[in-house]
Amino acid sequence: MSYIPFTEQQREQARRTDLAAFLRQCGEEVKRSGSENMWLDHGQKVTIRGNLWFHQYEQVGGDAIDFARRFYNMEYPEAVQLMLAMDAGTIREPVGPFTQKPLEIPQKHENMRRVYGYLLRHRGIDKEVLDAFSYRGLVYESADCHNAVFVGIDREGKPRHIHKHSTAAQGGFKGNAPGSEPEYSFHWVGGGEPLFLFEAPIDMLSFISMHKQHWKSSSYAAACGVSDKVLWKTMEGRPFIRNVCICLDNDETGQRAAQRISKALTEKNIRNQILVPTRICCFCGRRTKNEWNFHADFICGQHYCSAVFRDLCCPKA
């Protein structure tokens, strides 16, 4: 884009744009949360405070111009032009910076009956696989709401990331605890060449349950979103990981992220491939959820079986 001679006043006006007002003018949903506002970026929370924003999961932020560059893929001149053209109002008083919150670790319940019941009966996770993770303290049941808690640890075994998922049969709450560091999200490190990257912990456990043979020798990571931070952190200092299988959801967000991650790996000469989950009912041909979890849903009154590298379908009567 050609050079545009903005005045210093125009640059400052654009930088101080009221982001909540800007987003509402763009038709986006912004929710009030205490003294701040919340906006969702593909399901991940972005905190809005005046002209500043902070991506709670990726732990990055900036001002209004940075916002347009990050979320609207604009160059600096385009971002300034957009903010000036929208004229959403400016924040006159300086806004304090965001600070990193300490990790909130839920207290453990005395047993894991609800978590085991939910993951085994409703989500189809293999018991031996779940035992391996719970034995290491990577999965447990919270004492307060009986959520399934998926723990991401660093190399010293210190919890650095918490993902919580409701154990209600009809679904419910799921999200990352405040203070979670995305590069340490839920993962397992083996000693073999492959690393499998997923969006969600339950997708990761589902894939392992479908492919149990020698599974502990491979590495797995759940980004709890579509960030690639846990991928690079898991590979850091582990040269034995030489092949990455990108197993994100088969939707626009997941596949766009898969292509982005694949390109970054290829540029570093790291062998990689994109695995796409697809499910089709053999009775009606209806496509179901495009994710790796194979929980015991019923399609046309029948259970559907699981497979990889081909369609998942229900057995014919």
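The values are calculated or read from the model by the stated rules, or taken from the named source; none is laboratory data. Predicted model, so just to flag it, every value in this text is computed and none were measured. Here Cβ is always computed from backbone atoms with ideal geometry, including for glycine, and neighbour counts include all displayed protein chains.
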Can you find a residue in the stretch 47-54 that is part of a strand (DSSP E or B), of a type in the set (Lys, Arg) and within 15 Å of Thr17 (Cα to Cα)?
yes
Hits in the stretch 121-149 (condition: aromatic (Phe, Trp, Tyr) and either assigned to a loop (DSSP other than H, G, I, E, B) or more than 19 Å from Ala223 (Cα to Cα) (or both))
Tyr135
Within the stretch 98-138, count every residue that is closer than 30 Å to Val60 by Cβ, β-branched (Val, Ile, Thr) and without any contact (Cβ under 8 Å) to a residue 60 or more places away in the chain.
1
Checked Ser217, Ser206 against criteria (polar (S, T, N, Q), crowded, with 23+ Cβ neighbours inside 10 Å and more than 14 Å from the chain's Cα centre (by Cα)); the one match is Ser206
Scan the stretch 150-178 for residues that are part of a loop (DSSP other than H, G, I, E, B) and either surrounded by 16 or more Cβ atoms within 10 Å (Cβ to Cβ) or at pLDDT 95 or above (or both) and report the count.
8
Against the definition (within 22 Å of the chain's Cα centre (by Cα), among the acidic types (Asp, Glu) and within 24 Å of Glu104 (Cβ to Cβ)), how does Glu181 come out, yes or no?
yes
For the stretch 109-149, which residues satisfy the criterion of being among the aliphatic types (A, V, I, L, M) and buried (at least 18 other Cβ atoms within 10 Å of the Cβ)?
Met112, Val115, Leu119, Ile125, Val129, Leu130, Leu138, Val139, Ala148, Val149
Please go through the stretch 55-65 and pick out each residue that is in contact with a Phe, Trp or Tyr (Cβ under 8 Å, 6 or more places away or on another chain) and either assigned to a strand (DSSP E or B) or surrounded by fewer than 17 Cβ atoms within 10 Å (Cβ to Cβ) (or both).
Val60, Gly61, Gly62
Which pairs do you get when a residue that is touching a residue at least 40 places away in the same chain (Cβ under 8 Å) and surrounded by fewer than 18 Cβ atoms within 10 Å (Cβ to Cβ), found in the stretch 6-22, comes within reach of a residue that is in a helix (DSSP H, G or I) and of a type outside the set (Lys, Arg), reach meaning Cβ atoms under 6 angstrom, with the pair 6+ apart or on two chains?
Phe6/Val80
